[in-house]
Structure formats: C-alpha cells, structure tokens
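Enquirer: Dumping the structure here so I can ask a few things about it.
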Amino acid sequence: MKDKDLLQRLSSGDSKAFQEIFMRYYQQLVVFASKLVYDLDQSRDIVQEVIVNFYEKRDNIQIHTSLKAHLYQSVRNRCLNYLKREQTIRTHHSNIFEERKEHHQEFKDLMEETELENRIYHVINSLPKQCQKIFEMSRFDGKSNADIAEELNISKRTVETQISNALKKIRIKFFDHMTVVVISLSCVFLKILLHG
C-alpha cells in the first residue's frame with residue numbers, strides 16, 4: 001500500500017494504518033537516529049516519540065514532501081534537540097550537533113545510507129537459511145571459514161561456496177553501490193536488525 005493511501009486511512013481514524021506506518025518505518029528510523037545520537041536506547045525512544053506524536057497530531061500535520069521524508073526530518077530534528085540538551089554533559093555531542101545542523105547534505109547522505117543498509121538487510125534475510133547463517137557468521141561475527149565449517153559440521157569448501165553465493169546475490173541487487181564498507185555494515189545497524 002502506498003504512503004498516500006496510508007495517510008488517507010490514518011486521517012479517517014484507521015488505527016491499522018498507523019500500525020502499518022510503524023511496522024514500515026520504525027526499524028530504519030532507529031538505525032538513522034543511532035547515526036546521530038550514538039545511543040541505541042535513546043534512538044528507540046526518539047523514534048517512538050516521533051511516531052506517536054505523528055499519530056496524535058495526524059489531523060493537523062501538513063506533509064509537503066513524502067511520509068518517509070517527513071518522518072526522517074522529524075527524527076533528525078528531535079535528535080538534534082536531544083543533542084543540544086546533552087551538550088553540557090557530552091561536549092563531543094555538541095560538536096556533532098553543530099556540524100549536523102549546518103550541513104544538510106550530511107543529513108541526505110545518512111538517510112540514503114540508512115535506506116541502502118535496510119535494502120541490504122532484506123537481501124541478506126532472503127537468502128536460504130544456511131547461506132544466510134554462514135554469511136552472517138563470516139561477515140558479522142568475524143569467524144574464519146575453517147571455524148564456520150567446524151562449528152556447522154560442513155566442509156570448508158561449502159562455506160566458501162555459500163559466502164560466494166551470498167555476495168553474488170548482493171552485488172546483483174546493488175551493482176555500483178557495493179563497497180566493502182557497505183557489505184560489512186555498521187555495528188549499530190547489525191545490533192538493531194539482527195538481534196532486535
């Protein structure tokens with residue numbers, strides 16, 4: 001269902017539309033917030049506040065871009081407000097606040113990075129179970145092929161083949177976007193998406 005349809009249903013009081021918006025955007029918004037405040041629990045709180053506030057003010061909110069862009073911007077603003085409150089306690093966070101307040105391009109880059117990471121996660125999650133497990137053990141847990149083979153009681157050659165298959169599928173989906181950094185992903189992203 002398109003965001004436009006969800007908004008129309010939401011304005012008419014359909015609670016299921018709100019649930020759909022939450023399920024569609026909560027996870028990636030938490031990832032995005034974590035890139036700004038570097039605190040997973042605080043990021044979750046911020047995103048929950050933004051989404052609940054969005055629902056409570058649904059009759060008066062004017063969206064001039066898209067629902068996704070509106071939610072990202074709302075999370076960004078709330079993150080910056082949080083950093084501003086915390087700047088007397090955490091000096092380095094105040095520097096982050098000033099930098100990210102001034103550079104709109106960095107906000108766009110972070111948003112695009114989050115979107116790409118979210119797409120990569122879904123590709124990895126669509127892999128066959130054994131292939132997915134081997135890939136995560138290799139790239140996310142940092143285990144060697146030999147360690148993975150021993151732990152799963154399979155041949156080292158099988159491990160190598162499964163990792164190769166996973167990387168091939170990711171590259172096919174993303175072409176020029178792929179870099180070692182992107183494939184590796186960030187620790188925060190993995191903690192959220194792989195461990196809940």
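The values are calculated or read from the model by the stated rules, or taken from the named source; none is laboratory data. Quantities reported herein were computed from a predicted structural model and do not represent experimental measurements. Cβ placement follows ideal geometry from the backbone for every residue including glycine, while neighbour counts extend to all protein chains displayed. Just the protein is used for accessible areas: all its heavy atoms, side chains included, with ligands, DNA and RNA removed. Shrake-Rupley method; radii C 1.70, N 1.55, O 1.52, S 1.80 Å.
Enquirer: Please give the contour-minus-distance gain from Ala69 to Leu40: 0.36 nm per residue of separation, less the Cα-Cα distance, rounded to one decimal in nm. Present the calculation step by step, with values, prior to reporting the outcome.
Expert: On the way: separation 29, 0.36 × 29 = 10.44 nm, distance 2.13 nm.
Gain on extension, Ala69 to Leu40, equals 8.3 nm.
Enquirer: Determine the gain in length on full extension of the stretch Lys2-Asp14; use 0.36 nm per residue of separation and subtract their C-alpha separation, reporting nm with one decimal. Can you show the working numbers first?
Expert: Details: separation 12, 0.36 × 12 = 4.32 nm, distance 1.50 nm.
Length difference between fully extended and current span is 2.8 nm.
Enquirer: Would you mind getting the accessible area per residue of region 1-84, heavy atoms of the protein chains only, 1.4 Å probe, in Å²?
Expert: On the way: 4460 Å² over 84 residues.
Heavy-atom accessible area per residue stands at 53 Å².
Enquirer: Still on this structure: Using a 1.4 Å probe on the protein heavy atoms only, what accessible surface does Ile172 show? Give it in Å² to the nearest 10.
Expert: 100 Å²
Enquirer: Run the paramagnetic zone check for His122: 7 angstrom along Cα to Cβ, then residues of region 26-44 with backbone nitrogen under 18 Å.
Expert: 26-32
Enquirer: R0 = 41 Å: FRET efficiency of Asn53 with Leu167, Cβ-based, nearest 0.05? Don't skip to the answer; put the middle values down first.
Expert: On the way: r = 41 Å, r/R0 = 1.00.
According to the calculation, E is roughly 0.50.
Enquirer: Also: Of Tyr55, Tyr25, which has the most accessible area with a 1.4 Å probe, and how do the rest follow in descending order?
Expert: Details: Tyr55 65, Tyr25 10 Å².
Result of the area sort, largest leading: Tyr55, Tyr25.
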